[in-house]
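Read-outs: derived from the displayed coordinates by stated rules, not from any lab. No experiment lies behind these values; they were computed from the predicted model shown. Because the Cβ atoms are built from the backbone with ideal geometry, glycine has one as well, and the counts that use them run over all protein chains shown.
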Amino acid sequence: MSAWVCTVLAIGCVISPAAAAAAAGLWPLNAQHGASDITGNGNDGTATGTQLIPGPYGDADGAFLFSGTANSYIDIPNNGKLDVRYSFTILAHVYPTGEAGPIFDYSGTDSAVWNWAVHLWHLSPQNLQFRPLDRNGHLSQDVTACVLQQNAWNYVGGTYNSATGMASLWHNGELVREKYIGVSEVASQYPVRVAVRWDGNDRYFSGRIACLQLYNYAMTKEQIVAVRDVCKDATPGG
């Protein structure tokens with residue numbers, strides 16, 4: 001558990017180096033870190049058309065606001081450290097206010113699967129979608145669950161275990177759906193987009209996103225709960 005411990009200083013609570021190092025990518029999306037990847041892996045995001053807004057911990061500038069338009073998104077490069085390839089976990093705090101849009105979307109270039117790759121989406125007002133797409137040009141099945149609360153904070157995630165072939169959806173630390181997908185290697189070799197797909201898809205995420213996290217293993221419930229507040233460093237006295 002020591003990897004997830006916050007160190008309390010006079011200025012508040014900061015993310016421990018061990019916590020950041022455990023992730024393949026960690027983007028707090030707050031005033032302190034912006035869209036930077038604080039793992040040290042070098043995949044800093046570039047935000048376009050976003051602004052800071054109160055986050056999931058009540059902090060004034062603890063999240064990014066996305067307008068739900070084509071020019072409001074984050075680009076995240078992939079120098080290879082985000083190529084999870086086998087088992088993985090995607091986590092985020094989201095506050096949806098619109099119809100649909102990508103939360104964490106690898107920007108695929110395989111036209112055989114309409115440029116899709118691994119993604120976690122706000123699929124419809126209450127619908128959360130996770131698809132661990134096959135690396136070899138096969139449109140794998142997705143996992144969906146009607147669990148999202150509009151105009152409220154939701155702690156969401158998707159996990160995939162390549163050893164068992166099971167994909168799981170998580171909401172507020174609880175397992176809400178799982179399905180056998182059976183993909184041996186996933187399509188995660190691409191850059192990542194947040195809120196807007198790169199290829200002109202007209203579904204844009206509207207709302208707030210905070211504390212994007214990517215891990216190169218399938219987390220258990222206990223591990224998902226343990227990192228729920230890993231970005232709380234921006235909350236004074238947190």
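Can you sort 95, 86 so the residue with the fewest Cβ neighbours within 10 Å comes first?
By the 10 Å Cβ count, ascending: 86, 95.
Taking the Cα centre of the stretch 33-99 as origin, sum charge times position over the Cβ atoms of Lys and Arg (+1) and Asp and Glu (-1), and report the length of that vector in debye to the nearest 20.
That gives the stretch 33-99 a dipole magnitude of about 160 debye.
Only Cα pairs under 8 Å and at least 6 apart count here; give the relative contact order of the chain as a rounded whole percent.
29 percent
With point charges of +1 on the Cβ of Lys and Arg and -1 on the Cβ of Asp and Glu, referenced to the Cα centre of the chain, which listed residue (207, 43, 144) lies farthest in the positive direction of the dipole?
144
Name the lysines eligible as straight-distance cross-link partners of residue 179: C-alpha to C-alpha under 27 Å, and not fewer than 8 places from it in the same chain.
Result set, ordered by chain and number: 81, 221.
Which of (i) 13.4; (ii) 16.1; (iii) 11.1 is the computed mean projected area of the Cα convex hull in nm² for the structure on display?
Correct label, based on the coordinates given: (iii).
Give me 114, 170 ranked fewest to most by other Cβ atoms within 10 Å of their Cβ, as a rough exposure proxy.
Lowest count first: 114, 170.
Quick one: Karplus J couplings for the stretch 156-170, per residue in order, coefficients 6.51, -1.76, 1.60, θ = phi - 60°, nearest Hz, x for Gly and Pro?
Along the stretch 156-170, the couplings run 10, x, x, 10, 9, 10, 5, 6, 9, x, 9, 10, 10, 10, 10 Hz.
Given the DSSP H assignment, sum -39500 (n - 2.57) over each helix run of at least 4 residues in the chain and divide by its residue total; what's the result at 222 nm in deg cm²/dmol, nearest 500?
Mean residue ellipticity at 222 nm (helix-derived): -1000 deg cm²/dmol.
When only C-alpha pairs under 8 Å and at least 6 residues apart count, what is the relative contact order of the stretch 117-201, in percent?
The value is 26 percent.
Set the Förster radius R0 to 35 Å, insert the Cβ-Cβ distance between residue 221 and residue 112 as r into 1/(1 + (r/R0)^6), and round the FRET efficiency to 0.05.
Calculated value: 0.50.
Select from 202, 134, 44 the residue whose mean-square fluctuation is largest in a Gaussian network model of the chain (Cα-Cα springs shorter than 10 Å).
202
Which FRET efficiency value, to the nearest 0.05, is calculated for residue 149 and residue 99 with the Förster distance at 22 angstrom and r the Cβ-Cβ distance?
0.90
Among 99, 174, which comes first, second and so on when ranked by fewest other beta-carbon atoms within 10 Å?
174, 99
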